[in-house]
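The values are calculated or read from the model by the stated rules, or taken from the named source; none is laboratory data. Quick caveat, the model's predicted, so the values are computed rather than measured. So basically every Cβ, Gly included, is an ideal-geometry build from the backbone, and we count neighbours across all protein chains shown. Ligands, DNA and RNA are stripped out before the accessible areas are found, and what is left, the full protein with its side chains, is counted by its heavy atoms. Shrake-Rupley method; radii C 1.70, N 1.55, O 1.52, S 1.80 Å.
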Amino acid sequence: MDLNPPAGENYAHPVVCFFHVIFKAAALAFYILSALFFDSFVIIFVVTVLLAALDFWVVKNVSGRILVGLRWWNEINEEGESVWKFECLDQESLARINKKDSWLFWWTLYLTAVLWLFLGIFSLVRFQADYLLVVGVCLTLSIANIVGFTKCRKGV
């Protein structure tokens, strides 16, 4: 994966890119800055997890499909086993995916998980188990999308 976004190419879906990034940024920013404005752990937990859940939904159901042409979900079959389902655009359509959109999708997906992991380590070092719970939920949602889209991209 290229570290730099493609030069000279515009985003094909700027509104989708905006919403792909805004919920990630909002959840992280609220979690980091909330201690300055709120004393209530419950408010911090609920709002941060709600924003992370909105991010999870937008990535899984909207931006993944539009920005990189991938979609995944999980079903329980008749035997009670969990079965992953993947959808991918055909090769011709995948070739037309905007490189800048794709770059933004993948880098923000991984970077968000790294930031949540860092915040989790920070909470662990400060012995804040309650905040570690918030980070754990957000990290789990982030990793679920990473696993789903990575498996989908590889065609597992």
Excluding HIS20 itself, what net charge comes from residues whose Cβ is under 15 Å from its Cβ, given Lys and Arg +1 and Asp and Glu -1?
+3
Packing-based ranking, highest mean first, of 69-76, 129-136, 83-90 given that Cβ atoms within 10 Å are counted
129-136, 69-76, 83-90
On average, how much accessible surface per residue is there in the chain, in Å², for a 1.4 Å probe, leaving out ligands, DNA and RNA?
60
Summed side-chain charge close to LEU109 - residues other than LEU109 whose Cβ falls under 12 Å, Lys, Arg +1, Asp, Glu -1:
+2
Placing +1 at every Lys and Arg Cβ and -1 at every Asp and Glu Cβ, with all other atoms neutral, what dipole size does the chain have around its Cα centre, in debye to the nearest 20?
360
Looking only at aspartates and glutamates whose Cα falls under 19 Å of LYS99's and that sit 8 or more positions away or on another chain, we get ASP2, GLU9, ASP90
Order by protection proxy (mean Cβ within 10 Å, highest first), peptides 41-52, 97-108
97-108, 41-52
Suppose a student asked you for the relative contact order of segment 46-153, using Cα pairs under 8 Å spaced at least 6 residues apart; what percent would you report?
34
Rank PHE30, PHE56, PHE18 by mean-square fluctuation in a GNM of the chain with C-alpha springs under 10 angstrom and give only the top-ranked residue.
PHE18
To the nearest 10 Å², what's SER63's accessible area with a 1.4 Å probe?
0
At q = 0.12, 0.15, 0.19 Å⁻¹, what log₁₀ I(q)/I(0) does a Debye calculation on the Cα points of the chain give, no solvent, two decimals?
-0.58, -0.84, -1.15
With all protein chains present, segment 82-156 has a carbon and sulfur share of its accessible area (1.4 Å probe) in percent of 69
